[in-house]
C-alpha cells in the first residue's frame, strides 16, 4: 500500500496536530479584508501533544515547525519516541494560499531524500481550511486516490478553548465528516485551530473509537 505523508487531520486515528510558537490571533471584529490577509499558519515552533484513546492517556509526541527555504511552504516534523532506543519522525507540508490552507499529499516512496520546495509542489494538495473565514462555510474535498471524500463545516471563528498549555481565544472550529466511495461515513469529528498557532485540539469518532489529540505544552526555547 502506498504511504501518504499528509496530515489531513481526518484520515487517520494516529493523525498529528499542527501547532506553532506564535500566540497572535486574528481579530474577527477587525476589517474583513485585513483578517483575510493575515497569515494563519505558524512558521516556527516546538510543541508537545498528547493523544487520548477512549479518554485514556495514550501517546505523547512533539511537533516542530519550520519554513521550507525559498518558499512559503511550512514543514511540520512530528517526533515520537517508540521505545528506549527508537524514534519515529515524519515530515508533512502545508501552504497558505489566497483561498485557504492546503496540505500536500506527499508519497514517501516518491519523495527524494534531498528535497526542495519544487519537489513538494509536484504532489497533489487538498484544502483543509477555506477562505474567507465565515461561520457556516462548507466545502468538500474528493480524494480519489484514497477513495474518500471529506466534508467540512466552519462552526465558529471566535471560540475560546482551554488546553493544559494555555487558554486560546478567537479559535476556528471546523466539523468534518469522511465518507467512502459508497457514501458510508467512515469517521467524523471536530478540529480547533488557533490563528498563527495551529491545530490545538482534534477529536475523531469512528464506529468503535474516540480519539483526541490535544496541545499540552509549549516548548519555548
Worksheet item: Say we look at segment 167-206 and pick out the residues that are on the phi < 0 side of the Ramachandran plot and free of Cβ contacts under 8 Å to residues at least 12 places away in the same chain; which of these is surrounded by the most Cβ atoms within 10 Å (Cβ to Cβ)?
Response: 185
Practice prompt. Give the residue that is nearest to the chain's Cα centre (by Cα), with candidates limited to residues of segment 87-99 that are more than 21 Å from residue 213 (Cβ to Cβ) and surrounded by fewer than 19 Cβ atoms within 10 Å (Cβ to Cβ).
Written response: 96
Discussion item. Among the residues of segment 2-19, are any at pLDDT below 50, surrounded by 15 or more Cβ atoms within 10 Å (Cβ to Cβ), touching a strand residue (DSSP E or B) at 6+ places or on another chain (Cβ under 8 Å) and assigned to a strand (DSSP E or B)?
Written reply: yes
Discussion item. Could you go through segment 75-82 and let me know if any residue there is in contact with a strand residue (DSSP E or B) (Cβ under 6 Å, 6 or more places away or on another chain), more than 20 Å from residue 120 (Cα to Cα), at pLDDT below 85 and surrounded by 14 or more Cβ atoms within 10 Å (Cβ to Cβ).
Written reply: no
Practice prompt. Could you list all residues from segment 156-166 that are farther than 15 Å from residue 138 by Cβ and without any contact (Cβ under 8 Å) to a residue 40 or more places away in the chain?
Written response: 159, 160, 162
Worksheet entry | Residue selected from segment 35-58 under the condition in a loop (DSSP other than H, G, I, E, B) and closer than 24 Å to residue 207 by Cβ, by the criterion modelled with the lowest pLDDT | 55
Fill in: One residue from 114, 109 being modelled with pLDDT of 90 or more, farther than 30 Å from residue 157 by Cα and out of contact with any helix residue (DSSP H, G or I) (no Cβ under 9 Å at 6 or more places or on another chain)
114
Practice prompt. Give the residue that is nearest to residue 74 (Cα to Cα), with candidates limited to residues of segment 113-139 that are assigned to a strand (DSSP E or B) and over 16 Å from the mean Cα position of the chain (by Cα).
Written response: 139
Item to complete: Considering each of 191, 165 in turn, give the residue that is in contact with a strand residue (DSSP E or B) (Cβ under 6 Å, 6 or more places away or on another chain) and outside any strand (DSSP E or B).
Response: 165
Worksheet item: Among the candidates 115, 139, which residue alone is free of Cβ contacts under 8 Å to residues at least 40 places away in the same chain, closer than 20 Å to residue 204 by Cα and surrounded by fewer than 17 Cβ atoms within 10 Å (Cβ to Cβ)?
Response: 139
Worksheet entry | Answer from 158, 211 - the residue that is under 23 Å from residue 61 (Cα atoms) and over 13 Å from the mean Cα position of the chain (by Cα) | 211
Discussion item. Just to verify a result, which residue in segment 103-112, among those that are part of a loop (DSSP other than H, G, I, E, B) and under 20 Å from the mean Cα position of the chain (by Cα), is nearest to residue 69 (Cα to Cα)?
Written reply: 106
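The values are calculated or read from the model by the stated rules, or taken from the named source; none is laboratory data. Predicted, not measured: the structure shown is a model, and the values here were computed from it. Cβ coordinates were reconstructed from backbone atoms using ideal geometry, including for glycine residues, and neighbour counts include every protein chain displayed.
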